[in-house]
Every structure is written in structure tokens, then in C-alpha cells.
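Trainee: Just passing along the structure, written as C-alpha cells.
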Amino acid sequence: DILNNTNSLYAWSPETPNRADLLPSPTYQKDNDRSGRFDETIHINQGPCIRHILNQTIPQGSRFFPVNLNRYGFDPDHDRNELIWSAQGNGSLILKLDESNILTATLPRSDWLGEETITLILRDPEGDSANLTVKLRSRKA
């Protein structure tokens, strides 16, 4: 009975090319080009991701809520403290990103009205990046 034979070795050839790093266990392959175990797993960087951040609309003369960017960014293969945030605006609002990754946007004048699109960029140590746009508005009260 084949099912009760504990000394059997079963081998098969997949019909499509495979990457060792995506297979669940050590894998051996034999064909015309290679024989034996797959080479050491190659690290493939997965880029960072940014969760949705809500737009903000405030009455004229008010303040925007600070945004803790650490709550919105992550990377599957890097720690949060290895990620680098940056923010770019159209130039009207004053943007400040502190060492704790808290973004603060300040009105240039208390009577300023308008809308600005902020681009938030998150980079990992290997150079991959993600970006997200957020709109900040100041309207008449």
C-alpha cells in the first residue's frame, strides 16, 4: 500500500516557473538547466503603503488638526522608525513635519481663504515610495 509506505519520496515538476521565496517549504527542482535545491531566497522589497487620510475644512481664522502620520503609513518589510515622511504643498500653507512625524499645517494669515493640496510621500530605506494627496481648505465662517 503506497499510502502506508513511510520511506517513499515523491517528486513532481510544476508546469510553470516558480520562485523559491514564494513556496511554502524547501524545494528541489531538476530540469535541463539546473538540478538540486533552489538558490538562497532573494529578498524582494515591498513598497510602503499609506492609509486614507481625511481632507480638512476649517472656518476662516481657525487651525487645522495636526496629523500623526505614523498612524497612516506602514511597510510590510520595514519598521515604522525606518520610514521617511515628507510633505509638499502648493506654497500657501505653512507645513511643519516634526521628528515624531506629526504634520502641522498653519494658515499664512488669519484672513486666508482657499484650498491647498498637500502631497504626502512615504519612503522606505530601499528607495520605494508611496504618496497620497490631502486637501486642506479654509472657508468663510
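Trainee: Determine the pairs where a residue that is more than 23 Å from ASN81 (Cβ to Cβ), located within the range 112-141, has a partner that is aromatic (Phe, Trp, Tyr) and open to solvent by less than 60 Å² (accessible area, probe 1.4 Å) with Cβ atoms under 9 Å apart, the partner being 6 or more residues away or on another chain.
Mentor: So the pair list comes out as LEU136/PHE64; SER138/PHE64; SER138/TRP112.
Trainee: For the range 71-98, enumerate the residues that are in a loop (DSSP other than H, G, I, E, B), surrounded by 13 or more Cβ atoms within 10 Å (Cβ to Cβ) and not aliphatic (A, V, I, L, M).
Mentor: Correct list: TYR72, ASP75, ASP77, HIS78, GLY89, SER92.
Trainee: So in the range 100-138, with the set limited to residues that are at pLDDT 95 or above, charged (D, E, K, R) and farther than 18 Å from HIS78 by Cβ, which one is least open to solvent (accessible area, probe 1.4 Å)?
Mentor: Per the stated criteria, the residue is GLU116.
Trainee: Name every residue in the range 24-57 that is surrounded by 12 or more Cβ atoms within 10 Å (Cβ to Cβ), in a loop (DSSP other than H, G, I, E, B) and modelled with pLDDT of 60 or more, in order of residue number.
Mentor: Answer for the range 24-57, where residues must be surrounded by 12 or more Cβ atoms within 10 Å (Cβ to Cβ), in a loop (DSSP other than H, G, I, E, B) and modelled with pLDDT of 60 or more: ASN45, GLN46, GLY47, PRO48, ILE53, ASN55.
Trainee: Further question: Quick check, is GLN60 in contact (Cβ under 8 Å) with a residue 12 or more places away in the chain, touching a Ser or Thr at 6+ places or on another chain (Cβ under 7 Å), open to solvent by 90 Å² or more (accessible area, probe 1.4 Å) and not aromatic (Phe, Trp, Tyr)?
Mentor: Working: in contact (Cβ under 8 Å) with a residue 12 or more places away in the chain: yes; touching a Ser or Thr at 6+ places or on another chain (Cβ under 7 Å): yes; open to solvent by 90 Å² or more (accessible area, probe 1.4 Å): no; not aromatic (Phe, Trp, Tyr): yes.
No: the conditions fail for GLN60.
Trainee: Looking at (1) closer than 28 Å to ALA141 by Cα; (2) modelled with pLDDT under 95; (3) of a type in the set (A, V, I, L, M, F, W, C), which one does PHE65 not meet, given that it meets all the others?
Mentor: In the conditions (1) closer than 28 Å to ALA141 by Cα; (2) modelled with pLDDT under 95; (3) of a type in the set (A, V, I, L, M, F, W, C), PHE65 misses (2) alone.
The values are calculated or read from the model by the stated rules, or taken from the named source; none is laboratory data. The shown structure was predicted, so the numbers you read here are calculated from the model rather than taken from an experiment. As a convention, Cβ positions derive from the backbone with ideal geometry for all residues, glycine included, and neighbour counts pool all protein chains shown. Please note that ligands, DNA and RNA were not included when accessible areas were found on the heavy atoms of the full protein model with its side chains. Shrake-Rupley method; radii C 1.70, N 1.55, O 1.52, S 1.80 Å.
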